[in-house]
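Structure record follows, encoded as structure tokens.
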Amino acid sequence: MAERDTIIDKMPNNKNSLSNGGHLEFEGKVADLDSQMNELRRLSSIKGIDYSAEIRRLQRQQVTELKRIYSNLTAWQTVQVARHPNRPLLSDYLDLMVKDFRELHGDRCFGDDRAIITGLGHIGRERVLIVGQDKGKSTKQKIACNFGCPNPEGYRKALAKMKFAEKFGIPIVTLIDTPGAYPGIGAEERGQAQAIAVNLNQMPRLRVPIICIVIGEGGSGGALGIGVGDRLAILEFAYYSVISPEGCAAILWRDGSQAPKAAEALKLTSKDLYKLGLVDAVISEPLGGAHRNLHDTVYNVEKYIVKTLRDLKRTKLDNLLDNRYKKLRLIGVSPAEKLRRKTLAGKERVKEALEAIPTKRKRVPAKV
Amino acid sequence: MPTTAKQPPAQVRGLNNNMGKEVKSKWNGFSLKPRKEMPEGLWVRCPGCEHMLYKSAVEKNLNVCPECNHHFRIEAATRIKYLADEDSFQEILGDLTTDDPLGFKFRDTTYKQRIKDDVKKSGVKEAMLIGKAFIKGRGIILAVMEPNFLMGSMGFVVGEKLCAAIDMAMAEKLPLVAVCCSGGARMHEGVVSLGQMAKTSAALAKFDEAGGLYICVLTDPTTGGVTASFATLGDCLIAEPGALIGFAGPRTIAETIKIELPEGFQTSEFMLEHGFLDMIVNRRDLRSEIARLIDYCQK
């Protein structure tokens, strides 16, 4: 009996690569409480004593502890949560959120990249095109989809399907979860950079609403390659960065182990990005991170998509594209300048713009 | 000699450290001693063919090695001098500077301090210069990147300047010529610099719709976020011989896949062979080649 129990206890440990039942290193106390509760449950089943009151007390303690930890995670801890092996992946979203999913394969040029999945489906009552990056759950799947690192054909596939969606007016939802585009010989030979660049060039022109959501890791150009749209949202404990913290530490600190410091400096958490005006919305995660409750996470994402799609569909297409372009052009403009541009009355703005042009034109070349 | 073979100077340095027998025999009688006694800045060693070259001779040759056609990296001002008609370059938005959106600190220094140092070192205020210029009498909007300013990385200012250049080219119906030379997106600005990739690409999409001609010159090195955005979106892509062009840096790739990279990987010739460039043009022919392209594309 006891032997079987220990086997069952071990099973969740086998499921993920973390040795202590899916707890991250900064969750020591939570893990302790978990093991205490398990012990009590085991005892009550063996000896038939009712420990439920005790267990409930421990649960309450655990909840307060989780709240305390997760309300002020450091940047590096956020990165760890975003990389948690039990975190919901694209396949979970497809299972729980998308009805009647029909996958579309192939870029019609080279191959079918498993790191980027594209397909049609329904979210709520809307038909949408899903473009998402998958990391895979089992080792076999992970290898098949290259640990979520897309190759150029993945980006070309994404663009081809997005153009197809544009033709039939199907809104696009992209779910971003990648450590970065794959740095390999084949990827370079087939033009990784060019594939991403063309996506960045074409996505602002697509005449359908586009919603981009970072659900886990938003790694640099690999994430941006399917991340240009009308709205960019990010899950609470996901991260989005120009370079991996390890990479940044290796270059600027000349020491890869300084990644926690680099993560802090890069301002890659949802909170910081929202403050800087680089994402439009932060989708909240259930207590203790998405990996503790897949259904709630997926539900929150679904709610956001349905609501945002409704909003975007009300806008005229021309205005939608105009707004998208304006939004892109304002990236990095300081908040003060943004406010100034916003508050200036229309006429004044035109006047100012007109004044700005001749000063540039006055600088006639010295020699023709 | 192949322009692609970039022998690491480490070999040479290794020689200096241990004058062992077998090493000596490789050196075909050329002593290393004079290297120490040579006056600074008079000679340069060509990384392509390892020849010692007289610096002014190289400069006269547009900073190209006369022996092996290795193209040295040149700063923005020199590039403009070589490319544009004499004194025709009129800079725009020259004093646009970054306001350090993240408040980035690393080791004992800050991003702002780093910028100050690089302004002093390179003599320019940002990693890109834009302006109106003439090439053989043809008016263009010219954007040139400066490799000595934080590796020519793209931050907010570079993105903003390029967008301004695109807007101007659109307004004045002039061709846009961008000379790229960059290590990629600037990590000191985090997602702001990542956003510049999307921003410049979106602006280029508008320019494309308006029917503008965009010629992109890729020089050594063009990697990372710049290659993955405006550098590969030109109507016409020209590269200098032997330039490093790619998405991930060769070191990153070697570390990831743990095998030795093939000879000539990620050079201009490699990119041309794989169909990502229109042509490879020597530095001395660049001017006339661009002028000819502009003539062809006139409506």
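The values are calculated or read from the model by the stated rules, or taken from the named source; none is laboratory data. The structure presented is a predicted model; accordingly, all values stated were derived computationally and were not measured. Heads up, the Cβs are rebuilt from the backbone with ideal geometry, glycines too, and the neighbour counts pull from every protein chain shown. Surface accessibility is based on the protein's heavy atoms, side chains included, excluding ligands, DNA and RNA. Shrake-Rupley method; radii C 1.70, N 1.55, O 1.52, S 1.80 Å.
Pairing chains A and B buries close to 5000 square angstrom of accessible surface in total, based on protein heavy atoms and a 1.4 angstrom probe. With axes computed from alpha carbons, what is the tilt in degrees of helix B:111-122 against the longest principal axis of chain B, rounded to the nearest 10 within 0 to 90? Approximately 70 degrees, to the nearest 10. Which entries of A:Lys99/B:Lys199; B:Lys81/B:Lys132; A:Lys142/A:Lys167; A:Lys135/A:Lys261; A:Lys316/B:Lys299 have Cα-Cα distances beyond 23 Å here? Cα-Cα > 23 Å for A:Lys99/B:Lys199; A:Lys142/A:Lys167; A:Lys135/A:Lys261; A:Lys316/B:Lys299; rest within.
The mean number of Cβ atoms from other chains found within 10 Å of a Cβ in peptide B:202-211 is 4, as a whole number.
Tell me whether the stretch A:81-328 comes out rounded, prolate or oblate; compute the Cα gyration tensor, take square roots of the eigenvalues as a ≥ b ≥ c, and use a/c under 1.5 as the rounded threshold. Verdict is rounded for the stretch A:81-328. The convex hull around the C-alpha trace of the stretch B:201-299, projected and averaged over every direction, spans 7.1 square nanometres. Peptide packing for A:331-337, A:310-316, B:147-153 was compared via the average number of neighbouring C-beta atoms within 10 Å per residue; ordered from the highest value, the list is B:147-153, A:331-337, A:310-316. Over chain A, Cα pairs under 8 Å with separation of 6+ residues give a relative contact order of 14 percent.
Computed from the Cα positions only, the extents of the stretch A:216-278 along the three principal axes stand at 38, 23, 17 Å, in decreasing order. Shape class of the stretch B:43-200 from the alpha-carbon gyration tensor: oblate, with a/c at 1.5 or above and b/c at least as large as a/b.
About its Cα centre, the stretch A:98-221 has a charge dipole of approximately 380 debye under the convention of +1 per Lys or Arg Cβ and -1 per Asp or Glu Cβ, with nothing else charged.
Would you mind checking A:Lys307/B:Lys112; A:Lys275/B:Lys125; B:Lys55/B:Lys206; A:Lys29/A:Lys307 for any pair whose Cα atoms are more than 32 angstrom apart? Too far apart for the 32 Å limit: A:Lys307/B:Lys112; B:Lys55/B:Lys206; A:Lys29/A:Lys307. Reported to the nearest whole Å, the Cα centre-to-centre distance from the stretch B:39-63 to the stretch B:185-256 is 29.
When the helices of chain A are scored as -39500 (n - 2.57) per DSSP H run of n ≥ 4 and the total is divided over every residue, the value at 222 nm lands at -15500 deg cm²/dmol. Taking every alpha-carbon pair under 8 Å whose residues sit at least 6 apart, chain B reaches a relative contact order of 14 percent.
Applying a 4.7 Å Cβ-Cβ cutoff to chain B leaves B:Cys163, B:Cys180, B:Cys181, B:Cys216, B:Cys236, B:Cys297 as cysteine residues with no disulfide-compatible partner. Stretching A:Glu39 away from A:Lys142 to a fully extended chain increases their span by 33.7 nm, per 0.36 nm per residue minus the current alpha-carbon distance. Label positions at A:Ser257 and A:Gln59, each projected 7 Å from the Cα along the C-beta direction, are separated by 4.2 nm. Within 10 Å of the Cβ of each residue in B:90-99, the mean number of Cβ atoms contributed by other protein chains is 2. Restricting the calculation to Cα atoms, the stretch B:142-194 shows an Rg/Rh of 1.02 when the hydrodynamic-style radius is the Kirkwood one.
At the residue level, A:Phe110 shows approximately 130 square angstrom of accessible surface with a 1.4 angstrom probe and all protein chains present. Simple point charges give the picture: +1 on the Cβ of Lys and Arg, -1 on the Cβ of Asp and Glu, and for the protein assembly as shown a dipole about the Cα centre of about 1180 debye. Among the residues of A:239-245, the average count of other protein chain beta-carbon atoms within 10 Å of the residue beta-carbon is 5. For B:Met279, B:Met154, the ranking by accessible surface with the largest value first comes to B:Met279, B:Met154, using a 1.4 Å probe.
Accessible area per residue for the protein assembly as shown, computed on protein heavy atoms with a 1.4 Å probe, is 47 Å². 3J(HN,Hα) along the stretch A:244-255: 5, x, 5, x, 5, 5, 5, 7, 7, 9, 6, 6 Hz, from the Karplus curve 6.51 cos²θ - 1.76 cosθ + 1.60 with θ = phi - 60°, whole Hz, x for Gly and Pro. Structure remark: mean-square fluctuation, Gaussian network model of chain B, C-alpha springs under 10 Å; the largest value among B:Ala169, B:Ala210, B:Ala127 belongs to B:Ala210.
Just checking the listed ones, B:Ile141, B:Ile259, B:Ile80: in the Gaussian network model of chain B with Cα springs under 10 Å, the one fluctuating most is B:Ile259.
D by Stokes-Einstein for the stretch B:76-296, Kirkwood Rh over Cα pairs, 4 °C, 1.567 mPa s: 73 µm²/s. Result for chain A in a Gaussian network model with C-alpha springs under 10 Å: among A:Arg57, A:Arg190, A:Arg102, the largest mean-square fluctuation is at A:Arg57.
Semi-axes of the equivalent ellipsoid of the protein assembly as shown are 47, 32, 23 Å, computed as sqrt(5λ) over the eigenvalues of the C-alpha gyration tensor in descending order. Two decimals is fine: what is log10 I(q)/I(0) at q = 0.10, 0.19 Å⁻¹ for the stretch B:129-250, from a Debye sum with one equal scatterer on every Cα and no solvent? Relative scattering, expressed as log10 I(q)/I(0), comes to -0.26, -0.96. Projecting the Cα atoms of B:Phe134, B:Pro147, A:Ala181 onto the charge dipole of the protein assembly as shown, computed from C-beta unit charges around the Cα centre, puts B:Phe134 farthest toward the positive end. Tally Lys and Arg at +1 and Asp and Glu at -1 over the other residues with C-beta under 13 Å from the C-beta of A:Ala290: what net charge comes out? Cβ neighbours under 13 Å give a net charge of -3. Rounded to the nearest 500, the 222 nm mean residue ellipticity of chain B from helices alone is -10500 deg cm²/dmol, with -39,500 (n - 2.57) taken per DSSP H run of at least 4 residues.
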